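Inspection log for the structure reproduced underneath, given as structure tokens.
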Amino acid sequence: MNEEILEKFHKHLRGKYHKQSSIDNNYKFAKQLLDWIKKEKGKTYKDITKDDITDYKIYCLETFKINGNVARLNSVNNFLVKYLERPELRVTVPRAVRVNKPVLSEKEIEKYKQAAKTPLEKLIVTYQIDGLLRPHEFAKLRISLHDKENQIVYLNETKTGDNYVIFTPNMIEAYEVYLRTRVRPKYIDDYDYLIIIEKGSHYGKPIKTKRSDFIWRQTKKIAVRAGFKRSIYPYLIKPSAITNGFNNKINPRILQRQARHSRIETTLLYDHTSDEMVKEYFNKTQRNQNIDNLEPEDKAKVWFDKLLSGEIDLKTFKTGLDVLLPKRKIDGDIGYA
């Protein structure tokens, strides 16, 4: 009986939503509900009571993370209230909480980017950082949907907002280099897929499903090569790139547009600025501001600190000393004591 209503619900979802992710999630969470009700209460969908739904919500809150329960319980309402038309079973949905992820700093992002060696790896990291692509969206990339003249990459069935990203110069370069080395697709029907697998049992085949872990594995491999000790995964790259964009004073609307968010509030949720980033910002800006009020000798000490920290090279250091201390006594190669 539950199987029959789920089949009908799935058909209803296909007619209501055009995004496959919405169809899949609503169906999955409705099935989870009915499976739990059958196992714990010995009932079918026809016999569900308000107490059953209350118990199911308690189970969800005790078992899953709160942000996951937002989608889970919204889907339950879609099934029970909107589809079965039983408003008395409506469940209150908790509000999402903001989780401050330990995102990668600007230096770490550059470290990750530099660790990409092959044209395919460079394409992946550039599309992650500049294009802010989600892992499953790599399977949607088509050669025919790359418009270099208008700097647009079209995507089908995007999760939110517009169905294209701006084709940045870095992305164009990575795209052109990759195409020159891309392996020949095994089947002619796959020629338009951008990413063709280069090794293993799937050699010559594209990533055809959003459930593929190909981008996850590539990201992990690049991160290991970069020397990261903590876990690096695709869904960490996007908030890292957006956070660093905010820290570099990029117009939030630019970030919103490239991330394809319908609302700016969604983009702001991707800003995971940490305490260390705040300290680094103030230390950098205020120290630079205060240096103008220092005596020449003190300025020279600050300049020397920059040399030791690697912020400037030896040539720049010497040039700066010539300006700060034009009458200094030259002592050895550096001339600073």
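Only the coordinates and a few stated rules stand behind these numbers; no lab work does. Everything quoted here is computed from the prediction, not taken from an experiment. Please note: Cβ atoms are built from the backbone with ideal geometry, for glycine as well, and neighbour counts cover all protein chains shown.
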With Cβ to Cβ distances under 11 Å as the rule, what net charge do the other residues near Tyr235 carry (K, R +1; D, E -1)?
+3
12 Å beta-carbon shell around Tyr56, net charge (K/R +1, D/E -1)
+1
Calculated FRET value between Thr63 and Val278, using beta carbons and R₀ = 35 Å, to 0.05:
0.50
Across Lys82/Lys205; Lys148/Lys220; Lys11/Lys43, pairs whose alpha-carbon gap is larger than 32 Å:
Lys82/Lys205
Using a 10 Å cut-off on Cβ atoms, rank the peptides 109-120, 42-53 from the highest mean neighbour count down.
109-120, 42-53
Pulled fully out, how much extra length does the chain show between Asp322 and Lys28, if you take 0.36 nm times their separation in residues and subtract their Cα-Cα distance?
98.9 nm
A 21 angstrom limit on the alpha carbon distance is what I want to check against. Which of Lys122/Lys306; Lys199/Lys221; Lys221/Lys249 exceed it?
Lys122/Lys306; Lys221/Lys249
Going through the cross-link list Lys117/Lys315; Lys28/Lys65; Lys113/Lys318; Lys8/Lys140, which pairs have a Cα-Cα distance over 21 Å in this structure?
Lys117/Lys315; Lys113/Lys318; Lys8/Lys140
Which one of Ile37, Val97, Asn78 has its Cα pushed farthest toward the positive end of the charge dipole of the chain, where Lys and Arg give +1 and Asp and Glu give -1 at the Cβ?
Ile37
Taking only the C-alpha atoms, wrap a convex hull around the stretch 106-268 and report its volume per residue in Å³ as a whole number.
118
By how many nm would the segment from Val70 to Ile152 lengthen if fully extended, with 0.36 nm per residue of separation less the alpha-carbon distance?
26.2 nm
Ordered by packing density, taken as the mean number of other Cβ atoms within 10 Å over each peptide's residues, highest first, how do 87-93, 140-146 rank?
140-146, 87-93
So Ile188 and Gln20, fully extended at 0.36 nm per residue minus their Cα-Cα distance, gain in nm 57.9 nm
Per the Cauchy relation, a quarter of the hull surface: what is the mean projected area of the convex hull of the alpha carbons in the chain, in nm²?
24.6
Enter the angle in degrees (range 0 to 90, nearest 10) between the Cα long axis of helix 234-247 and the first principal axis of the Cα atoms of the chain, meaning the one along which they spread out most.
50
Between Leu308 and Tyr235, what is the FRET efficiency for a Förster distance of 41 Å, r being their Cβ-Cβ separation, to the nearest 0.05?
0.65
